[in-house]
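Take a look at the structure set out below.
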Amino acid sequence: MELSLAHPAIKAFMCGSVSGTCSTLLFQPLDLVKTRLQTLQSGMQPGSGRVGMVTVLLSVVRTERLLGLWKGVSPSFARTIPGVGIYFSTYYSLKQHFLQDRSPGAAEAVLLGGSARTVAGVFMLPVTVIKTRFECGRYSYGSVTGALRSVCRTEGPGALFSGLMATLLRDVPFSGIYVMLYSQAKASLPKEMRSSASAPLATFSCGVVAGVLASLITQPADVVKTHVQVNPQLRTALAIRHIYTEHRLQGFFRGAVPRALRRTMMAAMAWTVYEQMMTSIGLKS
């Protein structure tokens, strides 16, 4: 079926999938470093020396070579390609249904972003669990499908939905805050800039500002989510208590720098590519 004949929601899905593929491939190393930093907490004693992003990065390159930085890229693709597609197609469908062609207000943007992320997050959670385990270095899965079978056989299907609450507590606020800040920042741009050749750069800049703020606000939930998915015997409340007991408040912000870099750049790139592709096929994003 030609793209021009496809339903608008399918077009939005395809544009989102392409944008997610580009951003995942570029920024996977930051996600791996973030996961390693967060899971290092379990083996560290309180008061021990701080391990930073650069230390982890060099350690991965030294022990697993340069390509080791892309460990987990297969489950990342398995999650991101359909996941970002689902996110953008849900966002587009909700926006067209409730707002038609007008721009969302601040509260509407929060609801749109949060709702789209809830749908995508629940649907793709099993692959997210496998992706986190690939990146942490504790599991020796050979493939995404092999990992899914192994988890179902040894831990039961419920393990594939571990960290659901923490994931939603992280992703739904992130997406809602991001879409609100992004849409408001973009609406504040001069009209001539939005229609000029520099529009993609301006859009990307709006995404960067929105991404940094949204990432920092939701960082504690990301740390909790990682612990629950790597240690399936933990529940969200126990993980929160464990992190605070062992590392106090700073433990909830471990991995904040690589995550902020990755989430900010991925979101900014994904939205920029998505909007440019939607414009090129004649749809209002």
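The values are calculated or read from the model by the stated rules, or taken from the named source; none is laboratory data. As the structure is a prediction and not an experimental result, all values here were calculated from the model. Please note: Cβ atoms are built from the backbone with ideal geometry, for glycine as well, and neighbour counts cover all protein chains shown. Accessible surface areas use protein heavy atoms only, side chains included; no ligands, DNA or RNA. Shrake-Rupley method; radii C 1.70, N 1.55, O 1.52, S 1.80 Å.
Given the structure, is Met1 open to solvent by 70 Å² or more (accessible area, probe 1.4 Å), over 18 Å from the mean Cα position of the chain (by Cα), modelled with pLDDT under 85 and among the hydrophobic types (A, V, I, L, M, F, W, C)?
On the way: open to solvent by 70 Å² or more (accessible area, probe 1.4 Å): yes; over 18 Å from the mean Cα position of the chain (by Cα): yes; modelled with pLDDT under 85: yes; among the hydrophobic types (A, V, I, L, M, F, W, C): yes.
The answer is yes for Met1.
Which members of the stretch 30-40 meet the condition of being of a type outside the set (Lys, Arg) and open to solvent by 20 Å² or more (accessible area, probe 1.4 Å)? Within the stretch 30-40, Leu30, Leu40 meet the criteria.
Taken together, Arg36, Arg50 contain a single residue that is over 23 Å from Ala9 (Cβ atoms), outside any helix (DSSP H, G or I), among the charged types (D, E, K, R) and at pLDDT below 90, which is Arg50.
If I go through the stretch 210-223 residue by residue, how many of them are open to solvent by less than 10 Å² (accessible area, probe 1.4 Å) and of a type in the set (A, V, I, L, M, F, W, C)? Can you show your working first?
Keep residues of the stretch 210-223 that are open to solvent by less than 10 Å² (accessible area, probe 1.4 Å), which gives 210-211, 214-215, 218-219, 222-223.
Narrowing further to those that are of a type in the set (A, V, I, L, M, F, W, C): 210, 214, 223.
Total satisfying the criteria: 3.
Residues to consider are Val224, Val208, Val228, Val257; find the one that is modelled with pLDDT under 90, under 20 Å from the mean Cα position of the chain (by Cα) and over 30 Å from Pro157 (Cβ atoms).
Working: Val224 fails: over 30 Å from Pro157 (Cβ atoms); Val208 fails: modelled with pLDDT under 90; Val228 fails: over 30 Å from Pro157 (Cβ atoms).
So the residue among Val224, Val208, Val228, Val257 that is modelled with pLDDT under 90, under 20 Å from the mean Cα position of the chain (by Cα) and over 30 Å from Pro157 (Cβ atoms) is Val257.
Pick from the stretch 254-284 the residues that are surrounded by fewer than 17 Cβ atoms within 10 Å (Cβ to Cβ) and of a type outside the set (A, V, I, L, M): which of them is nearest to Leu32 (Cα to Cα)? Looking at residues that are surrounded by fewer than 17 Cβ atoms within 10 Å (Cβ to Cβ) and of a type outside the set (A, V, I, L, M), I get Gln276. Figure legend. Inter-residue proximity from the stretch 151-173: first residues within 17 Å of Tyr139 (Cα to Cα), second residues at pLDDT below 85 and open to solvent by 80 Å² or more (accessible area, probe 1.4 Å), beta-carbon distance below 9 Å, spacing 6+ or different chains. Indicated pairs: Ser162/Arg235.
Condition test on Ala237, is it open to solvent by 30 Å² or more (accessible area, probe 1.4 Å), closer than 26 Å to Ile130 by Cβ, among the hydrophobic types (A, V, I, L, M, F, W, C) and out of contact with any strand residue (DSSP E or B) (no Cβ under 7 Å at 6 or more places or on another chain)? Here the answer is yes, as Ala237 does meet what is asked.
Filtering the stretch 157-170 down to residues that are of a type outside the set (S, T, N, Q) and closer than 21 Å to Ala147 by Cβ, which residue is surrounded by the most Cβ atoms within 10 Å (Cβ to Cβ)? Outline the logic, then answer.
Quick first cut of the stretch 157-170, residues of a type outside the set (S, T, N, Q) only: 157-161, 163-166, 168-170.
Checking the rest, the ones that are also closer than 21 Å to Ala147 by Cβ come to 157-161, 163-164, 166.
Numbers: Pro157: 11, Gly158: 11, Ala159: 16, Leu160: 20, Phe161: 15, Gly163: 28, Leu164: 19, Ala166: 24.
Here the residue is Gly163.
Does Ala202 meet the test of being closer than 17 Å to Met266 by Cβ and not aromatic (Phe, Trp, Tyr)? Considered against the rule, which asks whether it is closer than 17 Å to Met266 by Cβ and not aromatic (Phe, Trp, Tyr), Ala202 comes out as no.
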